[in-house]
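The values are calculated or read from the model by the stated rules, or taken from the named source; none is laboratory data. Keep in mind that this is a model prediction, so the values were computed, not measured. Cβ placement follows ideal geometry from the backbone for every residue including glycine, while neighbour counts extend to all protein chains displayed. Heavy atoms of the whole protein, side chains included, go into the accessibility calculation; ligands, DNA and RNA do not. Shrake-Rupley method; radii C 1.70, N 1.55, O 1.52, S 1.80 Å.
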Amino acid sequence: MNSFDSIRKRIGRRSLLQGLGAAAIGITFTGALAGCEKKEAGKASTGEEPKLNFYNWDTYIGETTLDDFKDTSGIEVNMSLFATNDELFAKLRAGNPGFDVIVPSNDFVERMVQADMLEQLDHSKIPNFANVGAAFKDVAYDPGRKFSMPYTWLTLGIGYRKSKVDGVPDSWKWLFDSDKYKGRISVLSEAGDMFRLGAKYLGHSVNGVTPELVKQIEAMLIKQKPFIKAFHEDNGQDLLLSGEVDLVLEYNGDIAQIMAEDDDIDFVLPKEGSQLNSDTLAIPKGAPHPENAHAFINYLLDAEAGKKIAEYILFPTPNDAAKALMPADYRDNKVIFPTAEQLAKCEYAAYDGKMQPIFEEAFTRVRAA
Amino acid sequence: MQDWKLNRALFASIASAPTLWLVLFFIVPLGLVWLYSFGTNVGLTEIDISGTFANYARALEPLYLGIFLKSVWIAGLTTVICLVVGFPVALAIVFATPKWRPWLLLGIMLPFWTNLLIRTYALMAVLRTEGFANQTIGWMWDKWSGLMTFAGLQPLGDFTPLPLLYNNFAVVLGLVYVHLPFMVLPLYAALDRLDKSLIEASLDLGAGHVRTLLSIVAPLAAPGIISGIIITFVPALGAYLTPDLLGGTDSQMIANVIERQFKRANDWPFGAALSFLLMYATFIAIAFQAMKSRQAERRQ
C-alpha cells in the first residue's frame, strides 16, 4: 500500500484527509489526557487554570513542542486543526468557541482585525519577540505587530520535475499563458492567489488588481484552462511527486518537503516575482486563557523551540535566533530561503474585501467556461 | 386492542423528543439559512436581513444557471447508470439462494462502513496516471504486445496511460460508485415483495424474458424504482467532495460553488440563496412525482 502511505505523508499542511484524521485522533487523545490531568489540576504560573486551546494547521508544529511546553510551564495544550483560513474564519465568525491561540495567515490577520476578532497582544509578556528577524518586526498587514506574531513565512512559486521540463521554468508564463506543458500543469484552486499572481505575470502589483485587469486575467485563464490538468487545494506536492503533473503552483515549504524524498524535483521563484504569505500567532477575542496564550506564543518564539519546529515543518522561519541554530543545509537552502533580490520582487497580498467576491465570481466563470 | 393513535398522551410523549430534535437541529438552522438568503453582507461578519431578492436574482444569472444545469446533467447521468447497473444486481440478489442473500446484501452495504473521503482517496489511487488501473492495463498491453511479437506480428507501440482522473468521467464514476447502494437497496426491497408466480405465469403464457421484465417486473417494482431514483439523484445533485477531488478544471458542480460562497467568498447570503434554489428545485421535482403517482393511482 505504498502509494496510499505516500498520500498521507506528503499532503501539505492544508490537507483535508490528514487534517480530518489527525483531528479525530487529536480529540480522542487530548480528551483522554485532559481527563487524567484533572485530578492534579492546580494553577499555572500565569494564574490561570493550566490549559490552552490551540487551533493550528496540520503538521505545523514540532513533534515534541507541546510536551516541552507542558514540561516548562505545566500548561496542557489542546490542539485542534484547521485546513484553510476560511475554515478558521468561519469557525470564529459567530463568536470564539474557546480557542486561545490561532494561526491565521497575514491577509486574514487584516481581515480579522477589521472584523474586531483579535485581541491586542501585550508585548511585555512576549520578550522573545526580540528573536524575530528585522524584516518581520513591523509589517504592513499588522503595523507595530499589535495583533500577531510571525510564526512562519512562505512564498508561492513553481515546483517542477527536472527531467520532464526544459531548463528552469522561471516564469509564470509556463503556468498561465503557454501550451508548452499541456496537460502536465496543476495550479491552485484559490481564486485570490490565481488572480493576484496573474496580475504579477502581467507586470502589476498583487495589490493593485482592478476589475478591468480581472477581466483580462480571466480571459487568459480561460484560454489556458484546456492545458491545465487540475486545480489543486494545496496538495500540489503530492501531484508532482506521484508523477501526475510536472509543474505545480505551490508553496516553497511544501516543495522543500518532497525534495528531501525525490532528487528530480526542484522549485523556482518566477522572475516576475511572487506573493509572500506569513502565518502568524494571534489571540482571538474571547479567549478563555489569555495569559497562558501569551506564555505559549512567547515559548514558540524561543530559539530552541523555534529550531525544533523548523526542523520538523521545514518552512522558512522568521525567527533569527532559531535559524542560527539550524544546520547549514536548511539555512542555505535556496528553496526555503530565496535570495534577497528575489524576495525584493515579492509582495504580501493585502486583504481586499471588495475584490474577493469579484475574484471568486471570475474564477467560477473560468471553471464553468 | 386500542388503536395507539387514540392514546394521545402516550403518542405525545413518544413523539415529543424527535419533534424537539427536528425543530431544534433541523428546522431552526434551516430557517436561519433561509433568512440569510434574503440578507445583505454588512461588514465582514454581520448579515442584515433586508428582505432583498438580489441574491436570488444573481443566482439566476446565466453563469450559475449553467452550473445548475450541468449539475443536473451529471446527477441525472449518475442516476441512469446506477439504475441500469443496480437493477440486475437487485434482481440477482432477489433470486439468489437464501444462503447467499445476506452475504450479497452485506457486500452492497459494506462500503458504508468506510468514510466517503477515504473511499474517494482510494479511488484516486486507482485512477491516477501511475495508479492501479493504468498499471494493470499497461501490464496487459505489454504482455499482448509480447505475444504479437512472438506470433511474428508488428508489436503494439508504447503504452500511454489513460487519463482516468481529473475529468468528468472520474466524477461520474465516483458518483456512481458512491450512490449505487442507494439504488440497489430500494430496488431489492421492491423486487423482494414481488409475487414470483406472476413472472412464472408471464413466461408460461409465452412472453419472453425481456417482455416479462419490461411489462411485468418493471411496473410492479415502479415504487422501488422511483424511490431509488430520488434517493440517488438528490444526493448526487448536491455532491461536492467527489467533483472537488476527482474532477478536472471544468468539473465544478453547484455544491462546490455554494461551499465557496460560505468559505472563501465569505458571502453567506448568496450561498444561502443558491442552496435554497437547489432545495426548491428538489422539492418541486418530488412534489411533481408525488402528484403524478397519485394521478396514476386514481386512474387505476
Considering only protein heavy atoms, with the full assembly of protein chains and a 1.4 angstrom probe, order B:Val80, A:Val214, B:Val234 by accessible area, largest first. B:Val80, B:Val234, A:Val214
Work out from phi, with θ = phi - 60° and the Karplus expression 6.51 cos²θ - 1.76 cosθ + 1.60, the ³J(HN,Hα) of each residue of region B:232-242, listed in order in whole Hz, and give x for Gly and Pro. 8, 5, 4, x, 5, 5, x, 5, 10, 5, 4
Using square roots of five times the C-alpha gyration tensor eigenvalues, list the equivalent-ellipsoid semi-axes of region A:318-367 in whole Å, biggest first. 36, 13, 11
Which order do you get for B:Trp100, B:Trp21, A:Trp172 if you rank them by accessible area with a 1.4 Å probe, largest at the top? B:Trp21, B:Trp100, A:Trp172
Asserting the computed 222 nm helical MRE of chain B (DSSP H runs at least 4 long, -39500 (n - 2.57) per run, divided by residue count, to nearest 500) equals -22500 deg cm²/dmol
In Å and whole numbers, how far do the C-alpha atoms of chain A stretch along each principal axis, longest first? 64, 45, 37
Can you show me the helix-derived [θ] at 222 nm for chain A, built from DSSP H runs with n ≥ 4 at -39,500 (n - 2.57) apiece and divided by the number of residues, rounded to the nearest 500. -12000 deg cm²/dmol
If you average 1/r across every pair of different Cα atoms in region A:164-315 and take the reciprocal, what Kirkwood value do you get, in Å? 17.6 Å
On the principal axes of its Cα set, how long, how wide and how thick is the protein assembly as shown? Give whole Å, largest value first. 93, 86, 53
Counting only protein heavy atoms, what percent of the accessible surface of chain B is carbon or sulfur at a 1.4 Å probe? 72 percent
Net charge near B:Ser275: determine it from the other residues with C-beta under 13 Å of the C-beta of B:Ser275, scoring Lys and Arg +1 and Asp and Glu -1. -1
Along the charge dipole of the protein assembly as shown, pointing to its positive end and built from +1/-1 on Cβ of Lys, Arg, Asp and Glu, which listed residue (B:Ser197, B:Tyr56, B:Leu274) has its Cα farthest out? B:Ser197
Cα-based Kirkwood hydrodynamic radius, region A:239-369, one decimal, Å: 17.8 Å
Connecting every pair of Cα atoms under 10 Å apart in chain A and solving the GNM, the largest mean-square fluctuation among A:Ser80, A:Ser186, A:Ser45 falls on A:Ser45
Cα pair distances in region B:90-181, grouped into 10 Å bins until the bin that holds the longest one, percent each: 14, 28, 25, 22, 10, 0
In sequence order, calculated HN-Hα J values of region B:191-201 (Karplus, 6.51, -1.76, 1.60; Hz; x Gly/Pro): 5, 5, 7, 5, 6, 5, 5, 5, 5, 4, 4
Region A:156-243: radius of gyration over Cα atoms, expressed as a fraction of 2.2 N^0.38 Å: 1.07
Fraction of alpha-carbon pairs in region A:266-331 farther than 13 Å apart, rounded to whole percent, equals 71 percent
Taking the Cα atoms of chain B, report the difference between the largest and smallest coordinate on each principal axis, in whole Å and largest first. 79, 61, 35
Just the number, please: buried accessible area between B and A, total of both chains, 1.4 angstrom probe, nearest 100 square angstrom. 3500 Å²
What the 5 Å binned alpha carbon P(r) of region A:70-167 shows, as percent of pairs per bin from 0, is 2, 9, 18, 19, 17, 14, 8, 5, 4, 3, 1
Run the simple label-point estimate for B:Val85 and B:Gln154 please: 7 Å along Cα→C-beta, distance reported in nm. 3.6 nm
Gain in length, A:Ala324 to A:Ala130, computed as 0.36 nm per residue apart minus the alpha-carbon separation, to one decimal in nm? 68.4 nm
Give the whole-number value, in cubic angstrom per residue, of the convex hull volume spanned by the C-alpha atoms of region A:132-184. 143 Å³
Over all directions, average the projected area of the Cα convex hull of region B:139-236 and note it in nm². 11.2 nm²
Scan chain B and hand back the longest stretch that contains none of the trypsin sites (Lys or Arg not before Pro) lying in DSSP loops with at most 11 other Cβ atoms within 10 Å. B:100-300
Selection of GluC sites (Glu not before Pro), region A:248-343, meeting DSSP coil and at most 14 other Cβ within 10 Å: A:Glu261
